[in-house]
Each structure stands twice: as structure tokens, then as C-alpha cells.
Amino acid sequence: MFKKIPLAVGTKFKYVNIDRRERAGDLAKALNLLCLAHLAYRVPHSSCLGVPIGATADSKKFKIVFLM
């Protein structure tokens with residue numbers, strides 16, 4: 001996960017792009033640990049139709065920012 005995340009920066013994050021053989025649940029746990037360690041950050045998708053912008057945020061769709 002740690003080596004593959006930089007390749008996914010700036011695109012919609014999909015677990016299948018990290019490893020097709022691993023289960024998404026296992027990869028989600030690993031990503032959550034990286035986020036807790038502040039090595040990766042989830043940026044939720046927002047349609048920007050409402051004020052505040054976070055009102056329309058969709059936590060299921062996100063991008064990853066790595067090592068800020």
C-alpha cells in the first residue's frame with residue numbers, strides 16, 4: 001500500500017488499482033492506518049453545489065494526498 005499510493009495521487013482512489021488480488025476491506029484497513037499516522041490524507045469528493053462545501057461531501061469517493 002505504501003509503495004502504490006504515490007501512483008494514485010490526483011486520481012479517484014480505487015482499491016483495485018492498488019492490488020487486484022487483495023480484498024478491499026484489508027486495503028481499507030491499511031489505508032486507514034496510514035491516515036491515522038498522517039502519512040496519507042483522504043480528500044472527499046464534493047459537488048460544490050452547497051454552502052458549506054462539506055455539506056455535499058461524499059466520503060465513499062475520495063482522492064489521496066500523500067506525505068504532506
Quick one: which residues, 5+ away or cross-chain, put their amide H under 5 Å from the amide H of Lys61? H built at 1.01 Å from N. His45
Add +1 for every Lys or Arg and -1 for every Asp or Glu among the other residues with Cβ under 12 Å from the Cβ of Met1, and state the total. 0
Using the C-alpha atoms of the chain, what convex hull volume per residue, in cubic angstrom, is computed? 90 Å³
Using θ = phi - 60° and the Karplus relation 6.51 cos²θ - 1.76 cosθ + 1.60, list the HN-Hα couplings for the range 29-35 in order, rounded to whole Hz, with x at every Gly or Pro. 5, 5, 5, 4, 5, 5, 5
Which net charge results when you count Lys and Arg as +1 and Asp and Glu as -1 among the other residues whose beta-carbon is under 13 Å from that of Arg42? +3
Once phi is turned into θ = phi - 60°, what whole-Hz ³J(HN,Hα) does the Karplus curve with 6.51, -1.76 and 1.60 give for every residue of the range 56-61, x standing for Gly and Pro? 10, 5, 10, 6, 7, 10
Give me the net charge of Ala57's neighbourhood, meaning all other residues with Cβ under 14 Å from the Cβ of Ala57; Lys, Arg count +1, Asp, Glu -1. +3
Name the residue from Tyr41, Gly25, Leu67 whose Cα lies farthest towards the positive end of the charge dipole of the chain, charges +1 on Cβ of Lys and Arg and -1 on Cβ of Asp and Glu. Gly25
Assigned charges on the beta-carbon of Lys, Arg, Asp, Glu; the chain dipole about Cα centre (debye): 220 debye
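Quick note: the coordinates plus some simple rules give every number you see, no bench work behind them. Being a predicted model, the structure only gives us computed values, none of them experimental. With ideal geometry, Cβ positions are generated from the backbone for all residues, glycine too; neighbour counts draw on all protein chains shown.
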